[in-house]
Each structure stands twice: as structure tokens, then as C-alpha cells.
Amino acid sequence: MLIGQVIDTNSAWIATKLNEAGIHVHQITSVSDNEEHIIEALKNATQRADIILMTGGLGPTNDDITKLTLCKYFNVGLRFDPEVYKDVEHIFAIRGRAVTEVNRKQAEIPENCIALRNKNGTAPGMWFDANGKIYISMPGVPYEMKGIMEEEAIPRLKKKFTLPVIVHRNVLTIGIGESALAEKIAAWENSLAQNGIKLAYLPSVGMVRLRLSTTGTDRSLLEKTVQKKIAELQKLVGEYIYGYETDTLEEIVGKLLKERGETVSLAESCTGGYISYLITSIAGSSDYYQGSVIAYSYNIKTMQLDVDKEVLNARGAVSQEIVEQMASSVKKKFNTDYSIAVSGIAGPGGGTPEKPVGLVWIAIATPQRIFSKKYQFADHRLRNIQLTANAALNLLRKEILSTKS
């Protein structure tokens, strides 16, 4: 993890579960497999937190040192736990194998801990109640850790502490930058404090997520208070709000098309099929997605999409005329209600003073009309592809909503 070969997904998942339970996470720390570093991290954690959770280093091999390090930290020895050993035997029986001496040691745990059952592996979790703090040690294997958290750790924490209610609500925006958005909602943001609500701006590619957070004891009251402020926000910047919580543009567009019994096709140039990938990543997309043409070269644009060769040579592939022809042709070819066409200069090379890197044209063909919009993005290739995809899906979303019966 500390050399970049493993991504820490455990911490994010644990933080989410703790937050849902009413526990605020103050810090997440990655520590090397070094006894001194682990002990130092534990000492530091006890200075700022009541609950310290650890994952990793509980396996049977020599590089798994967490259990022995915890013994040293608490100045205790190991004890053999018969119940843990039964779990180890059960796991091995399922696999049709006999317990080895090495794996028998998995049932040896620090004298001062309560074993937390691991139904998915051989390393138990461990619960320590010491020095006025709760320490929880769990395996690093994600599905093992998750089982212990949900079945053992969270229930024990809820029983041990009187926990508050924490409410988060996310408002998802597109088409406006973070600073411009902040300026538009400044007065509204200032009114949040008197309602005990905190606001966080969380920008991503072409989007800004606004997270409203509040804490108390009455969940219903907290949710009503937050929802009231979101309703006020909708009146201020509703044109930029595309969804809430974990919504994605591809999900929203798919839902709209499915509700209306309508279909979409695509003609992609600079995105190379990325928009089609997003659409088809949603289960059930075959109900509304018919197909696409990845028209990257001039030849494919003329041969597969019947783009006018003279216009193509005169105006270039990245032009309003060509992208609208692409949208019109693919809509007819796949006999769909809507189509999206994109053409641009993703970069980092290929730009000119007249058509710089990041220039993109997006066209939408509908049952009633064809329209297009010009965008000027930046000079990062992947970012430009993502920005184009988001902008295209958002254009289609807004068009469908504008004609929704």
C-alpha cells in the first residue's frame, strides 16, 4: 500500500459504516509492517480518538506482525481460544483440508482481547477495552473485514456507546465551476449554520457535489431540516442540479428513456466509445440503448455515417456541420428516438490556433430537431474524454426533461 501497489479500499468502506452508525472519523493512517511504526501510530491515535480500528497483518505468515505487536503494546501474552479454533477448523473443513500447525496459531490471541468471529477466514478480529479506549483489530482481506465489522464490531460499538445520528445528503451539480457555484449560493450557505448544517464542496470532472451534514438525536427532524435547505437550493441553482446521493448521469438518462419507452444511439469520435461504455454499464440498458458507431477516422465518418466528404474536407471533423451530420445519420441507421454525436480534439497534440486541444462539438438528434453545442475543455486527454461524456449525457438529459410528457 505504501509503495502504491495496493489501493486502500478498506478505510473508505469502514469510514462509511462508522459514519452511518454515528461515529465521526478523525483520521485515517497507513502504517508500514514495522513494530515500532505500529506502536507509535497506536499511541498517537489514543491521543485523539476513543475508538481505534486497525486492519491487516493478522495472517499466519512471518510478515503478519500485528498480533504480536499488540501483545507488546498492551504488555500481555497470547492465549489459545478454543472457540476461535473451531472456526478455523470449520473453514478448513469447507475447503476439504486439515488444519496445519501454522494455521492452528490463528487461534492464539492476546490475553486481554475478546475474539470477534470471522466466518469468512481463519484470522479472528480482536476487541480490546483498555485505558479507556476501544481498539479493534481486523484482517486486511476486504470480505473478511466487512463481515467482522457488520456482524461483530458495529453491534458492539452501538452497545458500548451512546451514539448520535449523523445525516449526510448529497446534491450533484454539473455545468458550473466550484467558485461560480459558491458565489451563487453564498447567502444560502451562510444560513446553514443556524440550522446546524455543515457544507462541503467536492469537485470532480466537470461536476461539483455539495454535501450537507448535520448531527443530532432525532433522525426525522434532521432529515426534514436538511431537505428544507435542499429545496431552497433547488430554487437557486436548479438548472445545474442533475441528481442526488449516488446518482450518475448514465443512470438518470437510462431511467428517463426507459420510462418513456424511447431509445438512443451514438456516434463517437474523440471519446472512442466511452459514452457507450457508461450507458451500457447500467443493468437493463438494452431496453433503450441500440448501438453506436465509433467513427474515429475520416473514412469511417464518410463510409459508415454518410458524412459529406466535401464538407468534411472544408470544415474538418471537429465542426458543427459534421457533428450534426453524424447525429442525424446514426439516428437513422439505428432507428432510435435520440442520438448523441461527439467530435473533438482530445489532445495532447493535434490542436491548431483555430481549433485548440480541448475543442469539442456535441450534437443531439431528437424526434423534433437536431442541435449542437461547442465546448472548450483543457489539454488533458483522459479528462477531456470524461468531460465530453458528461456534457453529452447532460445535454441529452436536459433535452428529454424539456419534452417530457
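Couple of notes before you dig in:
- Any hit, region 292-303, residues being touching a Phe, Trp or Tyr at 6+ places or on another chain (Cβ under 7 Å) and free of Cβ contacts under 8 Å to residues at least 60 places away in the same chain: no
- Inter-residue pairs, beta-carbon under 7 Å, first in contact (Cβ under 8 Å) with a residue 24 or more places away in the chain and in region 24-49, second open to solvent by 70 Å² or more (accessible area, probe 1.4 Å) and not in a helix (DSSP H, G or I), 6+ apart: SER30/MET1; SER30/LEU2; SER32/LEU2; ASP33/ASP63; THR46/ASN131; ALA49/HIS26
- Candidates in region 97-112 are the residues that are open to solvent by less than 10 Å² (accessible area, probe 1.4 Å) and touching a residue at least 40 places away in the same chain (Cβ under 8 Å); of these, the one that is farthest from MET145 (Cα to Cα) is PRO110.
- Unmet requirement for GLY273, which otherwise passes all of (1) within 30 Å of the chain's Cα centre (by Cα); (2) touching a residue at least 40 places away in the same chain (Cβ under 8 Å); (3) closer than 27 Å to ASP247 by Cβ: (2)
- Single residue of PRO142, PRO155, PRO124 found to be modelled with pLDDT of 95 or more and in contact with an Asp or Glu (Cβ under 8 Å, 6 or more places away or on another chain): PRO124
- The listed residue being not in a helix (DSSP H, G or I) and not aromatic (Phe, Trp, Tyr), out of SER179, SER213: SER213
- GLN47 fulfils the conditions (1) open to solvent by less than 60 Å² (accessible area, probe 1.4 Å); (2) under 17 Å from TYR135 (Cβ atoms) except for a single criterion, (1).
- Top-ranked residue of region 53-73 - restricted to ones that are outside any loop (DSSP other than H, G, I, E, B) and of a type in the set (D, E, K, R), ranked as most open to solvent (accessible area, probe 1.4 Å): LYS72
- Contact map, region 249-266: residues that are over 11 Å from ASP337 (Cβ atoms) paired with residues that are among the polar types (S, T, N, Q) and assigned to a strand (DSSP E or B), Cβ distance under 6 Å, separation 6+ or inter-chain. Pairs shown: LEU266/SER292.
- Subset of region 256-296 [of a type in the set (Ser, Thr, Tyr), in a helix (DSSP H, G or I) and open to solvent by less than 30 Å² (accessible area, probe 1.4 Å)]: SER276, SER285
- Selection within region 74-96: residues that are of a type in the set (Val, Ile, Thr) and either part of a loop (DSSP other than H, G, I, E, B) or open to solvent by less than 80 Å² (accessible area, probe 1.4 Å) (or both). The member of this set that is farthest from GLU35 (Cα to Cα) is ILE91.
The values are calculated or read from the model by the stated rules, or taken from the named source; none is laboratory data. Note that this is a predicted model, so its numbers are computed, not measured. In this analysis, Cβ positions are derived from the backbone assuming ideal geometry, glycine residues included, and neighbour counts consider all displayed protein chains. Accessible surface areas use protein heavy atoms only, side chains included; no ligands, DNA or RNA. Shrake-Rupley method; radii C 1.70, N 1.55, O 1.52, S 1.80 Å.
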